[in-house]
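One structure is given below, encoded as structure tokens.
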Amino acid sequence: MAFYIEFSEDAERQMAALRAVDRSRLFDEIDEQLTHQPNQRTRRRKQLTNHPLADWELRVDDWRVLYDVDTENQQVTIIVVGQKVRHKLMIEGKEFKA
């Protein structure tokens, strides 16, 4: 059974602000990577430890999609979408500091 993917208001705003090519790539990867077994570690997906925003991270090139998984309701919630610049996570143009 496939997981339903939901975007938080923040994530919707962040996706809308991206260039069309980046947005399209992210939507494709989110659909491919998170529809089935979103809570299984892979080269692109990792479980985060004590992260203040989300439990999981999906890497798409230099983009980071932070998300939570509700296995009981078969739902993935995209919390934020940011860009990795060197060792910093930039969300809406500002550095995120955990």
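General remarks:
- Candidates Val69, Val81, Val21, Val76 - the one that is surrounded by fewer than 15 Cβ atoms within 10 Å (Cβ to Cβ) and either acidic (Asp, Glu) or at pLDDT 95 or above (or both): Val21
- Looking only at residues of region 49-61 that are on the phi < 0 side of the Ramachandran plot and modelled with pLDDT under 95, we find that the one that is surrounded by the fewest Cβ atoms within 10 Å (Cβ to Cβ) is Thr49.
- Residue within region 24-38 that is under 12 Å from the mean Cα position of the chain (by Cα) and either of a type in the set (S, T, N, Q) or assigned to a loop (DSSP other than H, G, I, E, B) (or both) present: yes
Here's the yes/no breakdown for (1) in contact with a Leu (Cβ under 9 Å, 6 or more places away or on another chain); (2) over 14 Å from Phe3 (Cα atoms):
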residue	(1), (2)
Phe27	no, yes
Asp31	no, no
Pro38	yes, no
Trp56	yes, yes
Thr77	no, no
Arg86	no, yes
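- Taken over region 24-48, the criterion of being in contact (Cβ under 8 Å) with a residue 24 or more places away in the chain and surrounded by fewer than 18 Cβ atoms within 10 Å (Cβ to Cβ) is satisfied by Arg25, Glu29, Asp31, Thr35, His36, Asn39.
- Test: residue in region 3-23 that is in contact with a helix residue (DSSP H, G or I) (Cβ under 7 Å, 6 or more places away or on another chain), of a type in the set (Phe, Trp, Tyr), in contact (Cβ under 8 Å) with a residue 40 or more places away in the chain and in a loop (DSSP other than H, G, I, E, B): yes
The values are calculated or read from the model by the stated rules, or taken from the named source; none is laboratory data. Predicted model only: the values in this text are computed from it and were never measured. Please note: Cβ atoms are built from the backbone with ideal geometry, for glycine as well, and neighbour counts cover all protein chains shown.
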